[in-house]
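Quick notes on the structure that follows.
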Amino acid sequence: MAVRLRMAVHGVRNSRIFHIVAVNQRQRRNAKPIELLGVYDPRLKPGESTKTIQWSVQRIQYWLNVGATPSKTVTKLLHMGGILPSQRTESETLSSPASPSSEATPQPSA
C-alpha cells in the first residue's frame, strides 16, 4: 500500500483548516486517513503575526522513514519547519556555474 502525506480540507467556506494526514494515495482527498499528523490553520487570529502549525514530528519522521511520499505542499511545509533538509531545486542547479571540465582545456598534441 502506497502511503502519501498530504493535506485534508476541513471547515466551512472562508474558514478552512487543513489536516496533515497519512493516507493511501489511491483514496480521495478527504478520505478517512490512516493517521492524523498535524493541523495547519492558515488564518491569522487577531493579535498574531505568524501562522502556526501543530504537528507530531516523530510520527512524520516515522512515516517518511517507512517510505511515505509527501505532496508538494506538505514538502514545502516540512522544509519550512526544518523536518526535511532543504534541497536545491533544478533552477538553482542550472544557474550555478559549471565546474571546468577536461574537455574545455586544450590538450597538447604529440
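Cross-link partners for K32 among the lysines, with Cα-Cα distance under 22 Å and sequence neighbours closer than 8 places in the same chain left out: K72. Taken one residue at a time, the phi angles of segment 63-74 give Karplus couplings (6.51, -1.76, 1.60, θ = phi - 60°) of 5, 5, 5, 6, x, 5, 9, x, 6, 4, 5, 5 Hz. Gly and Pro are set to x.
Across segment 14-29, coupling constants 3J(HN,Hα) worked out from phi with the 6.51/-1.76/1.60 Karplus curve, θ = phi - 60°, read 6, 8, 7, 10, 10, 9, 8, 10, 9, 9, 4, 5, 7, 8, 5, 4 Hz, and Gly and Pro carry x.
If a/c stays under 1.5 just call it rounded; otherwise compare a/b with b/c (prolate if a/b is bigger, oblate if not). Do that for segment 3-86, with a ≥ b ≥ c from the square roots of the Cα gyration tensor eigenvalues. In terms of gyration-tensor shape, oblate. Here K76 is the anchor, and the lysines within straight C-alpha reach of less than 18 Å, apart from those fewer than 8 places off in the same chain, are K51.
A short reminder: the numbers here are calculations on the coordinates, not readings from a lab. Note that the coordinates shown come from a computational prediction; the quantities given were computed from them, not determined experimentally.
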